[in-house]
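*Asks:* This is the structure, below, for whatever I ask next.
The values are calculated or read from the model by the stated rules, or taken from the named source; none is laboratory data. Computed from a predicted structure; not experimentally measured. All Cβ positions, even for glycine, are placed from backbone atoms using ideal geometry, and neighbour counts span all protein chains on display. Each accessible area value is taken on the protein alone, full model and side chains, heavy atoms only, with ligands, DNA and RNA left out. Shrake-Rupley method; radii C 1.70, N 1.55, O 1.52, S 1.80 Å.
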Amino acid sequence: MSATHTKSGSAPVLRSKKKRIDPAHVWMVIPAIIIFVALLVWPLIQGIFYTFTNYQGYGDWRFVGLDNYKFLFQDDVIWGSYGFTFLFAISSTLATNVIAMVLALLLNSAIKAKNLFRGIFFLPYMLPVLIVSYIFSYLFTNNIPLIGQWLGWEWLSSSLLANESLAWLAIVFVGVWQGVAFTTLIYISGLQTVPEEVYEAASLDGANKWKQFWKTTFPLIMPFFTINVVLSFKNSLGVFDQVVALTKGGPGTATQSISFLIFKNGFQGGEFAYQTANGVIYFIILIVLSFAQLRFLQSKEVN
């Protein structure tokens with residue numbers, strides 16, 4: 001900024017100089033913008049366009065208006081996939097965060113070899129989802145039924161993956177087993193931000209371990225709880241790999257998630273436009289739920 005004086009001798013007037021943008025910065029950004037538009041924005045616009053057609057993914061097509069969106073709300077298969085997906089997401093999110101919180105409290109306490117245990121518990125997160133799911137597929141089909149027979153539990157004496165009522169539990173188990181690791185790591189990070197003086201003050205006030213956690217620790221790590229719940233729920237709503245490896249949507253359509261249905265029928269079943277419309281609705285639901293969760297949980301955080 002430069003200062004100039006008026007003829008009457010009044011106070012100097014500051015004039016701002018516009019900061020020029022270095023052309024080199026522009027040329028560095030342009031390729032990234034082109035790639036972003038080509039790989040994300042344009043396919044998104046093209047996909048939304050096709051939702052108003054009867055395009056099958058090949059051949060000719062014609063406009064059908066809002067028919068695809070109208071039929072979505074009348075399709076029992078679609079409703080079933082949403083039911084399973086939300087059942088999985090809610091169950092998985094609750095189980096993952098409860099188990100991860102308990103593990104984080106244990107791993108953050110004064111126990112021997114806690115760094116070793118942290119590494120062991122983080123190992124599942126590093127393994128590919130498909131490989132883990134295929135391993136559990138073998139266990140659920142061959143080993144676990146033997147344990148069920150030995151215990152005399154009829155519901156566990158045959159493969160859970162072949163049980164239309166219980167197959168979802170197997171998928172939840174695998175999802176939680178792998179998701180707990182990353183969630184635990186975030187909780188440990190949160191617990192390490194809580195000062196020791198807080199616990200000492202709570203002890204002097206006569207608070208037991210549960211009251212210390214519920215009244216002191218949990219409110220202070222609420223931002224980490226918010227992050228974990230939002231991420232866990234969002235990731236669980238997109239369940240795909242576990243379904244592919246464990247059940248392929250079966251038995252029947254009992255474990256057919258939204259993302260699996262969109263992939264299977266959209267790319268293999270000739271319902272490209274119809275399932276793309278399903279994907280648009282699914283995307284809107286994800287955005288709305290994520291923001292609603294974020295706003296609600298952030299309102300509970302300690303300022």
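*Asks:* What single numbered condition from (1) part of a helix (DSSP H, G or I); (2) within 24 Å of VAL132 (Cβ to Cβ) fails to hold for TRP210?
*Replies:* Among (1) part of a helix (DSSP H, G or I); (2) within 24 Å of VAL132 (Cβ to Cβ), the lone unmet condition for TRP210 is (2).
*Asks:* Also, I was wondering about something else. Looking only at residues that are under 14 Å from the mean Cα position of the chain (by Cα) and of a type in the set (Phe, Trp, Tyr) in region 257-303, which one is farthest from ILE78 (Cα to Cα)?
*Replies:* PHE291
*Asks:* Would you pick out the residues in region 130-188 that are out of contact with any helix residue (DSSP H, G or I) (no Cβ under 8 Å at 6 or more places or on another chain) and of a type in the set (Ser, Thr, Tyr)?
*Replies:* TYR138, SER165
*Asks:* Please indicate, with yes or no, whether at least one residue in region 66-82 is of a type in the set (Ser, Thr, Tyr) and touching a Leu at 6+ places or on another chain (Cβ under 6 Å).
*Replies:* Within region 66-82, one or more residues are of a type in the set (Ser, Thr, Tyr) and touching a Leu at 6+ places or on another chain (Cβ under 6 Å).
*Asks:* Also, I was wondering about something else. So, in region 203-212, of the ones that are farther than 15 Å from SER109 by Cβ and small (Gly, Ala, Ser), which residue ends up least open to solvent (accessible area, probe 1.4 Å)?
*Replies:* ALA207
*Asks:* Which ones in region 95-121 are surrounded by 15 or more Cβ atoms within 10 Å (Cβ to Cβ) and in a helix (DSSP H, G or I)?
*Replies:* Residues satisfying the conditions are ALA95, THR96, ASN97, ILE99, ALA100, MET101, LEU103, ALA104, LEU105, LEU107, ARG118, PHE121.
*Asks:* Mind telling me which of the residues GLY152, GLY80 ends up being surrounded by fewer than 21 Cβ atoms within 10 Å (Cβ to Cβ) and within 21 Å of the chain's Cα centre (by Cα)?
*Replies:* GLY80
*Asks:* In this structure, does VAL198 turn out to be over 29 Å from ASN235 (Cβ atoms), of a type in the set (Val, Ile, Thr) and at pLDDT below 90?
*Replies:* Against the criterion (over 29 Å from ASN235 (Cβ atoms), of a type in the set (Val, Ile, Thr) and at pLDDT below 90), VAL198 qualifies.
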